[in-house]
Amino acid sequence: MRAQEPELKADGRQSPTALLVARGVRRLLRSLGYSTLPEVALPSGRRADLVAVSGESAIHIIEIKSCMADFRADQKWPDYRAHCDRLYFAIPQDMPQDLLPLDAGLIVADGYGAMVLREAPEHRLAPATRRAMLLRFALTGADRLHDLADPERG
């Protein structure tokens, strides 16, 4: 019996490769005790690909890059540091790693799992920023659950 590719929901912003990487990263983070949300709007107006929160309130942002052209075209990732304790890049296995910044963590993933190749340096958030991010995470998750249960709400 052949394994089938996982079916993933797209919202039009992610490539099929990015969706698979996100799934693998989310599986890894869940196994490590983190809860994750994709596409979270940040207080700065940017949108993080994945935000992960631990039971101890650690906040990680994972920036997914599906190829080197994606990385070169998007240089807003340094702004994400202001909203997390650790910043990671997540990439597919076949993407070159040598041009990715060394001051961020590195995760390699596919649609079934992921592996941390390099831990991200920690830069602890200020308490007020942590509180704002945790509240944003909670409200985003609650709103998405509501939308699933009541898609016709106004």
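For this structure, a couple of remarks:
- Where a residue in the stretch 114-138 is without any contact (Cβ under 8 Å) to a residue 40 or more places away in the chain and its partner, wherever it lies, is surrounded by 12 or more Cβ atoms within 10 Å (Cβ to Cβ), with Cβ under 6 Å and at least six apart: Leu117/Leu106; Leu117/Val108; Arg118/Gly105; Arg118/Leu106; Glu119/Gly105; Glu122/Asp85; Glu122/Arg86; Arg124/Asp85
- Hits in the stretch 20-49 (condition: without any contact (Cβ under 8 Å) to a residue 24 or more places away in the chain, under 16 Å from Tyr88 (Cα atoms) and assigned to a helix (DSSP H, G or I)): Arg30
- Matching residues, the stretch 52-76, being over 24 Å from Leu135 (Cβ atoms) and among the acidic types (Asp, Glu): Asp70, Asp74
- Long-range neighbours under 8 Å by Cβ, at least six apart or interchain, first residue in contact (Cβ under 8 Å) with a residue 12 or more places away in the chain and within 17 Å of Arg26 (Cβ to Cβ) within the stretch 51-80, second β-branched (Val, Ile, Thr) and not in a strand (DSSP E or B): Ile62/Val25; Ile64/Val21; Ile64/Val25; Ser66/Thr17; Ser66/Val21
- The listed residue being more than 20 Å from Glu56 (Cα to Cα) and either small (Gly, Ala, Ser) or not in a loop (DSSP other than H, G, I, E, B) (or both), out of Ala90, Ala128: Ala90
- Residue in the stretch 145-154 that is in contact with a helix residue (DSSP H, G or I) (Cβ under 8 Å, 6 or more places away or on another chain) and of a type outside the set (D, E, K, R) present: no
- Search result, residues across the stretch 144-154 that are assigned to a helix (DSSP H, G or I), of a type outside the set (Lys, Arg) and either surrounded by 11 or more Cβ atoms within 10 Å (Cβ to Cβ) or modelled with pLDDT under 90 (or both): His146, Asp147
- Among the residues of the stretch 73-97, those identified as at pLDDT below 90 and either loosely packed, with under 13 Cβ neighbours inside 10 Å or of a type in the set (D, E, K, R) (or both) are Ala73, Asp74, Gln75, Lys76.
- Restricting the stretch 106-150 to residues that are among the acidic types (Asp, Glu) and more than 15 Å from Ser54 (Cα to Cα), the residue that is farthest from the chain's Cα centre (by Cα): Asp150
The values are calculated or read from the model by the stated rules, or taken from the named source; none is laboratory data. In this text the structure is predicted, and so the values were computed from the model without any measurement. As a convention, Cβ positions derive from the backbone with ideal geometry for all residues, glycine included, and neighbour counts pool all protein chains shown.
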